[in-house]
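Just so you know, all these numbers are worked out from the coordinates, no wet-lab data involved. Since the structure is predicted, the reported quantities are computational estimates derived from the model, not experimental observations. Note that we place each Cβ from the backbone using ideal geometry, even for glycine, and neighbour counts take in every protein chain shown.
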Amino acid sequence: MSKLKLGIPKGSMEESTIKWFGKAGYNITKSERSYYPRIDDEDIEIMLVRAQEMAYPYVQKGVLDAGITGEDCIKERNADVIEVAEMVYSKQLSKPARWVLAVKNDSDIKSVKDLEGKIIATELVEVTKSYLAKNGVNARVEFSYGATEVKVPYLADAIVEITETGSSLRANNLRIVDVVMTTTAKLIANKEAWQDDWKRKKLQNIAMLLQGAIVAESKVGLKMNISKDDLLKLLKILPSMKNPTVSSLSDDGWYAVDTVIDEAIVRDLIPELKRVGATDIIEYPLNKVIP
């Protein structure tokens, strides 16, 4: 029986990745000491691997057929892999994370040009070097093993660090000078595995369901009833992904309306729907939205 060997990133992306797989319909169960979690799909074998090593060596060398890792990790290792799909989620938020150039609040460094001859500490060494070269700046880039925010100004003049909310930088009296790169999670595949029809289809299915779950996270469904006389007024103010579904009720002169909208606007929208005559309004969560 064919098996898809799939890598899940161990560390900061681990819990969010497992959560999204669960929402996509793949339930992953792990134990504290095992690097081989169980999944309720007999066609898949899972291994926990550090995100920094996922693209290279594990996926590129074929130890794994595919895996989830950050775009930053792919670029840092210059990995030769297939990027199957983008998964716009990070450790805390459903949006890209940023690698930023940061300095102390009282630093004289105002732009990347001010780093000439300076020292930069980061875990993203190769990408940072490319960023400096692109800006025509000669500076020394030193690898940081962690706690990077502490290294300025004692061991470095600036750092390049990943951030989602910026709270850790602010807490350490740091300010952002520039964004070096944005990064999202990527589903990647080994080139030979991608040529296998069964594995490629399996990965495409996984990608579709994961992306559907991620899209659904920020949306809700709305159902309501409306009289024929008020239907046009309702449709004028009712947003939807495409067009709302309108169907006749058994009660003559009434319609049922069903739509999918951004959750962020629901609290302001529902009172307006009520004012134009909508009744029996129901808001419900979504598991997946497949365009």
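How would segment 149-291 be classified by its alpha-carbon gyration tensor: rounded, prolate or oblate, with rounded meaning a/c under 1.5 and the a/b versus b/c comparison settling the rest? Walk me through the numbers before you get to the answer.
Numbers: a/c = 4.66, a/b = 1.68, b/c = 2.78.
It comes out oblate by the Cα gyration axes.
Given Ser167, Val141, Ala193, which one lies farthest toward the positive end of the charge dipole of segment 127-194, if we put +1 on the Cβ of every Lys and Arg and -1 on the Cβ of every Asp and Glu?
Ala193
Specify whether the C-alpha gyration tensor of segment 95-193 places it in the rounded, prolate or oblate class, a ≥ b ≥ c being the square roots of the eigenvalues: rounded for a/c under 1.5, otherwise prolate if a/b is larger than b/c and oblate if not.
prolate
How many times 2.2 N^0.38 Å is the alpha carbon radius of gyration of segment 219-285? Numbers along the way, then the final one.
Details: Rg = 11.0 Å, N = 67, 2.2 N^0.38 = 10.9 Å.
Dividing the Cα radius of gyration by 2.2 N^0.38 Å gives 1.01.
Using the Cα centre as the reference, give the magnitude of the dipole from point charges on the C-beta atoms of segment 165-291 (Lys, Arg: +1; Asp, Glu: -1; all else neutral), rounded to the nearest 20 debye.
Roughly 560 debye, rounded to the nearest 20.
Taking one equal scatterer on every alpha-carbon of segment 178-260, how large is log10 of I(q)/I(0) by Debye at q = 0.14, 0.18, 0.20 1/Å?
Each listed q corresponds, in turn, to -0.71, -0.84, -0.93.
Quick one: length gained pulling Ile282 to Asn173 fully straight, 0.36 nm per residue minus the C-alpha distance?
Values: separation 109, 0.36 × 109 = 39.24 nm, distance 4.62 nm.
This chain segment gains 34.6 nm when fully extended.
What dipole magnitude, in Debye to the nearest 20, does segment 219-285 give about its Cα centre under +1 on Lys/Arg Cβ and -1 on Asp/Glu Cβ?
On the way: 9 positive and 11 negative charges, 38 e Å.
With only Lys, Arg, Asp and Glu charged at Cβ, the dipole is about 180 debye.
Nearest 10 degrees is fine. How inclined is helix 14-24 to the longest principal axis of the chain, computing both from alpha carbons?
Computed tilt is about 30 degrees.
Place a +1 charge on the Cβ of each Lys and Arg in segment 97-183 and a -1 charge on the Cβ of each Asp and Glu, then give the dipole magnitude about the Cα centre in debye, rounded to the nearest 20.
The calculation lands at about 140 debye.
Relative to the present Cα-Cα distance, how much length would full extension add between Leu235 and Ala133 at 0.36 nm per residue of separation?
Taking 0.36 nm per residue and subtracting the Cα distance, the gain is 31.4 nm.
Could you work out how far helix 266-275 tilts from the main Cα principal axis of the chain, as a 0 to 90 degree angle to the nearest 10?
Once rounded, the angle reads 20 degrees.
Using the beta-carbon distance between Arg275 and Lys104 and R0 = 45 Å, what value does 1/(1 + (r/R0)^6) give for FRET efficiency, to the nearest 0.05?
Computed FRET efficiency for Arg275 and Lys104 comes out at 0.30.
Defining a contact as two alpha carbons under 8 Å apart and six or more residues distant in sequence, what relative contact order in percent does the chain show?
19 percent
Do the alpha carbons of any pairs in Lys129/Lys186; Lys23/Lys242; Lys75/Lys219; Lys75/Lys191 sit beyond 28 Å of each other, and which pairs?
Lys75/Lys219
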